[in-house]
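Read the figures in this text as sums done on the coordinates, not as results from a lab. Predicted model, so just to flag it, every value in this text is computed and none were measured. Please note: Cβ atoms are built from the backbone with ideal geometry, for glycine as well, and neighbour counts cover all protein chains shown.
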Amino acid sequence: MDLYEHQGKELFARYDIPVPRGIVATTAEDAARATEELGGRSVVKIQVQVGGRGKGGGVALVDSPQRAAEEAERMLRDGFKGMPVTRVLCEELLPIAREFYTSLLLDRSTGRYLALMTAEGGVDIEELARTRPEAIRRVQVDPSIGMRPFHVRELVAALPSESRQGATDIIGKAYRMLLEVDATLVEINPLVQLEDGRVVALDSKVTIDDSALFRHPDIESLRAAFPIDPVEARAKEKGLQYVKLDGDVGIIGNGAGLVMSTLDVVAQAGGRAANFLDVGGGATADQMATSLEVVLSDPAVSSVLINIFGGITRGDLVARGVLEALERVQPKVPIVVRLDGTNAAEGRKILAEAQHPSIVSAPTMIEAAQLAAALASGAAA
Amino acid sequence: MSVLVGRDTRLLVQGITGNEGTFHTRRNRDFGTNVVAGVTPGKGGQDVDGIPVFETVADAVRETDANTSMIFVPPRFAADAILEAVDAGIGVVVAITEGIPVREMAEVRAYLDARSSVLVGPNCPGVISPGEANVGIIPGEVCMPGRVGLVSRSGTLVYQIVHELTRRHLGQSTCIGIGGDPVHGMGFIDGLAMFSDDPDTEIVVMVGEIGGDDEERAAAFISERAGKPVVGYIAGFTAPPGKRMGHAGAIVTGSSGTAQAKAEALEAAGVKVARTPTEVAELVQVALS
């Protein structure tokens, strides 16, 4: 779960990590009021779950509440990189002397936490990693001993001496936060030193491990702030993983790898997937029915490919689910079905006996993809 | 001979009395796996179809000499179950459970480093050596014994590939599902090394997908040593690019994590990378003829 900047900063505040004074605004008027409260000037920042705001007009320095309202209006109206923006963060302007970068993250390949720090913060950190990796200090933390003082000294050696005490303090708190809230990423870019010497977290990117949310209901409830596609929400409720794409061949499969493979094979057959939908293992008839409803709710869909390989998922249940779905939803598009694995023969028999006019069976994955792609483009003709 | 599971497997099932635990215990036993024990705290002394259930893994190992464990314990308790199995001296631990918090898996990894147990998973379908033993949820009906070794991050996708191989009478020595979690036990490199030493395996199929850099590191491993021939498949060429949060991930791996990058790395190491599951079987057929 990727937190908004202001949510990450609220967590920072809980852990005594210094952050600028900020007020969240959901309307242009609120942004004006917030800027007034912050002394008449502020920086207005889009709240989204992606990076690149600095370069993309997502951060605006304003010198009046009126300007704040104008910027907020633009941001809330235009969205960012195709994502809706429903709130902005207005923060006090601080006199910055230097900008650094620091992050703590889980390194998948070693299964350990990694801490990074460099004196060259702000934008273009990836460029630095590519051109002068030696400018970034990195420390691997063995979970059996945790982050120790020597790790921190190694990291802050990257910074000028007058910045080290403040940075040491923040890194220690950030590490404790990382463990306690089950974060897989805590990134502060930039970590700044103000003219008066204080070190402050000017930005926050925090990712929380989805698998640990069961023990952080307060963090899980922060999701309410994220704009949600109602179709994706419905799918999620039923334990389905659904992502809308922009093609016309609806895809339903079991297992993320198999679904991705199906998308690839459909593309090779000249089709364009309308979505990704993984029903997971052991899909019930109800889940199958919901999957079909979810996919068919997209008006762009001109054909559907159901590609199920049974492990725990039983082919006969899939078949019954498909038929149940077709009772709930009258499809105006053809449904290509390919079943294999556990009870697949039984499933194919159930479908054949039903003789539903919308259902087309295909024996192999490739033939099913070609059929679904052809049927979709035939419909478009 | 196969790797990880076979005729010498003495399987213990942690979480045997739960629905999934019981279902797959029966399935594995029907396949021919020697299931010797189950463990469910609070149900020691009971039995499941004649298989004795113990309070702890240590008890089970003492009484039955179990050497392999399959874990169907809910995510909240699964890391503890893995640690318990390793602590009791179980040599191969297959963790089926999905959704174990990453922080706990990081601790498990650190614990494993100092020990000789092999962890497969978590969030994996398990390991099957056709004709010998099945530890996990891979459908044995689609497999047949043979000389193709497989190691895969995905579950159902590898079943599809195994199915394509079996249809062409290209049987399998062992199919290893290493699972889809970011922090996991054995990886591609471990699988390649195991198959390299296995006289029953003639060729290895590697099934990867977007995310992380396991495939890239495997490609480097393949370049550095002469092992058995490898055929690859990567899922996710048309997957929508993930929304990237901070920059840290890219800085750390230096890899974009795309299917394209992985395929290129493998091809540069001399691996033929199929573009469909069917093509995997075709490439294996050509390589073995």
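Among the lysines, select those whose C-alpha is under 19 Å from the C-alpha of residue A:81, and discard any that sit fewer than 8 residues away in the same chain.
Straight-distance partners of residue A:81: A:45, A:55, A:205, A:244, B:243.
How long is the gain from residue B:220 to residue B:23 if the chain were fully straight, where each residue apart is worth 0.36 nm and the alpha carbon distance is subtracted?
Length gained between residue B:220 and residue B:23: 66.9 nm.
Report the Cα centroid-to-centroid distance between the range B:68-98 and the range B:22-44 in angstrom, as an integer.
With the range B:68-98 and the range B:22-44 each reduced to a Cα centre, they are spaced 14 Å.
Going by a ≥ b ≥ c, the root eigenvalues of the Cα gyration tensor, does the range B:126-288 fall in the rounded group (a/c under 1.5), the prolate group (a/b larger than b/c) or the oblate group?
In terms of gyration-tensor shape, prolate.
Averaged across the residues of B:101-113, what count of C-beta atoms belonging to other chains lies within 10 Å of each residue's C-beta?
Taking the mean over all residues of the peptide, I get 6.
In nm, give the distance between the simple-model label positions of residue A:367 and residue A:286, each being 7 Å from the Cα along the Cα-to-Cβ direction.
3.5
Could you state the number of Å between the C-alpha centres of the range A:296-327 and the range B:117-143?
Cα centres, the range B:117-143 to the range A:296-327: 27 Å.
In square nanometres, what is one fourth of the surface area of the convex hull spanned by the alpha carbons of chain B?
Mean projected area of the Cα convex hull: 14.6 nm².
Is the range B:11-120 best put as rounded, prolate or oblate by its Cα gyration tensor, with a ≥ b ≥ c the root eigenvalues, rounded for a/c under 1.5, and otherwise prolate when a/b is larger than b/c, oblate when not?
Verdict is prolate for the range B:11-120.
Label-point separation (nm) for residue A:179 and residue A:77, each offset 7 Å from Cα along Cα-to-Cβ?
Simple spin-label model gives 5.0 nm for this pair.
Where in the range A:87-102 does the label zone of residue A:63 land, with the point 7 angstrom along Cα→C-beta and an amide N cut-off under 15 Å?
In the range A:87-102, the label zone of residue A:63 (backbone N under 15 Å from the point 7 Å along Cα→Cβ) covers A:93.
Per-residue mean of other chain beta-carbon atoms within 10 angstrom of the beta-carbon, peptide A:264-276?
Counting Cβ atoms of other protein chains within 10 Å of each residue's Cβ and averaging gives 3.
Arranged by the count of other C-beta atoms within 10 angstrom, fewest first, what order do A:81, A:9, B:262 take?
So the residues, fewest neighbours to most, are A:81, A:9, B:262.
Per 10 Å bin from zero, what fraction in whole % of the C-alpha pairs of the range B:58-173 is there, up to the bin with the longest pair?
13, 40, 30, 15, 1
Which whole number gives the average, over all residues in A:187-194, of C-beta atoms from other chains lying within 10 Å of the residue C-beta?
Mean inter-chain Cβ contacts per residue within 10 Å come to 1.
Just the projected area, averaged over all directions, of the convex hull on the alpha carbon atoms of chain A: how many nm²?
So the mean shadow area of the Cα hull is 22.2 nm².
Determine which residues of the range A:191-228 fall in the zone a paramagnetic label at residue A:297 would reach in this model, i.e. backbone nitrogen under 18 Å from the point 7 Å along Cα→Cβ.
Answer for the range A:191-228: A:224, A:226-228.
Apply the a/c threshold of 1.5 to the C-alpha gyration tensor of the range A:230-380 and tell me whether it is rounded, prolate or oblate.
Rounded.
Can you give the translational diffusion coefficient of the protein assembly as shown in µm²/s, computed by Stokes-Einstein from the Kirkwood radius over Cα pairs at 37 °C and 0.692 mPa s?
For the chosen part, D equals 123 µm²/s.
For the range A:1-72 and the range B:189-237, what is the separation of their Cα centres, given in Å?
A separation of 47 Å, based on Cα centres.
Tell me, A:306, A:350 in order of fewest to most beta-carbon neighbours within 10 Å?
A:350, A:306
For a quick check, take a GNM of chain A with Cα springs below 10 Å and name the residue from A:209, A:124, A:169 with the largest mean-square fluctuation.
Its mean-square fluctuation being the largest, the pick is A:124.
Would you please state which residues of the range A:49-68 a label at residue A:225 would reach in this model, taking the label point 7 Å out along Cα→Cβ and a backbone N cut-off of under 16 Å?
Counting backbone N atoms under 16 Å from the label point, the list is A:49-51.
Contact order normalised by length for the range B:14-142, with contacts defined as Cα pairs under 8 Å and 6 or more residues apart; what percent is it?
Here the relative contact order equals 22 percent.
For an R0 of 30 angstrom, estimate the FRET efficiency from the Cβ-Cβ distance between residue A:345 and residue A:110 and round to the nearest 0.05.
0.10
Could you work out how far apart the two model spin labels at residue B:268 and residue B:288 are, taking each label as a point 7 Å from the Cα in the direction of the beta carbon, and quote it in nm?
Computed distance between label sites residue B:268 and residue B:288 equals 3.1 nm.
By counting other Cβ atoms within 10 Å of each Cβ, how are A:238, A:205, B:43 ranked from fewest to most?
B:43, A:238, A:205
Tell me the GluC sites (Glu not before Pro) within the range A:73-103 that lie in a loop according to DSSP and have at most 16 other beta-carbon atoms within 10 Å.
A:92
So if I restrict to the alpha-carbon atoms in the range A:21-93, what is the Rg, and what is Dmax, the biggest pairwise distance, in Å?
Cα-based Rg and Dmax for the range A:21-93 come out at 10.7, 33 Å.
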